[in-house]
Amino acid sequence: MEIEYWRNRHQRMNKERFVAANVFALITHAATQPLDLVKIRSQMLQEGKVYTGLAFQRGFDGQAIFEEIHAQGGGMRRFYTSLDAFVIKTMAYTTFRVWGFLKFYDCLNPDPRRTARMDWMIMSGLAGGFTAGVITNPVDLVFARMQVDELYPEQCRRNYKNFLDGLMRATDEGVLMRGSVANGLRIGALLASMTNAYDWMKENSYFFFGPWWMNRFVATSLAVALGTATSMPFDAIRVRM
């Protein structure tokens, strides 16, 4: 027990967690960036009142958006709007999300030998996620604007040269914190739902099926589905603001 305590005595963000989280985040976000671009453009194109009962606007078909972007030329590079903005956004989001959750988790559960209660994990996820969302909102705002800029007519585009240019121009407009509450609720809902669902599903899967190789996959699938369902409404609001 003391060995386990010594190994896990640091529950907050440290150098090892920072490096591991950001390395894996850059790899996974690089693989899923085309899907993220399609998602954001779909959210923007579906904005507006629905008259037919279903949202059959231009952004309803994600595959059509993907093919439209690909047809513009440039290959897969077309899906990566700005390399510097992508790296800054990924590292800022990952660092503050992990830091926020671990910070509040350690405050509520200071003894690493004790597994936190479910309500403590929910409170840690909500508080840490909301804090991270508000702090990183300027980065998310600039990156989202760069991703949807091609949807506007030529005369209405912002044409940010790079992330720093976009950040400075957004500062001049005084809109850096626009949508910060929605962004905070988005990450808070994501953390509060996924951490509990993953632990609960993995524990029950192990109880019923034993040391099965699918335990982590099943638990991750459930957590991702629940996290997506709870955070997407706030994400759509954030993007459209």
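The values are calculated or read from the model by the stated rules, or taken from the named source; none is laboratory data. This structure is a prediction, so every number in the text was calculated from the model and none was measured. Cβ coordinates were reconstructed from backbone atoms using ideal geometry, including for glycine residues, and neighbour counts include every protein chain displayed.
List of remarks:
- Leading residue by the ranking (farthest from MET123 (Cα to Cα)) among those in the range 147-163 that are in a loop (DSSP other than H, G, I, E, B) and free of Cβ contacts under 8 Å to residues at least 24 places away in the same chain: PRO153
- Flag if GLY166 is under 27 Å from SER82 (Cβ atoms), free of Cβ contacts under 8 Å to residues at least 60 places away in the same chain, out of contact with any strand residue (DSSP E or B) (no Cβ under 8 Å at 6 or more places or on another chain) and part of a helix (DSSP H, G or I): no
- Which listed residue, of ASN183, ASN196, is surrounded by 15 or more Cβ atoms within 10 Å (Cβ to Cβ), of a type in the set (S, T, N, Q), touching a Lys or Arg at 6+ places or on another chain (Cβ under 6 Å) and assigned to a helix (DSSP H, G or I): ASN183
- Within the range 13-27, the presence of a residue that is at pLDDT 80 or above, more than 27 Å from GLY100 (Cα to Cα) and surrounded by 13 or more Cβ atoms within 10 Å (Cβ to Cβ) is excluded.
- ALA116 vs. criteria at pLDDT below 95 and in a helix (DSSP H, G or I): no
- Selected residue (only one of THR81, THR136, THR115, THR90 is in contact with a His (Cβ under 6 Å, 6 or more places away or on another chain) and of a type in the set (Ser, Thr, Tyr)): THR90
- Residue identified as within 15 Å of LEU151 (Cβ to Cβ), at pLDDT 80 or above, in contact with a Gly (Cβ under 7 Å, 6 or more places away or on another chain) and surrounded by 13 or more Cβ atoms within 10 Å (Cβ to Cβ) among ARG78, ARG41: ARG41
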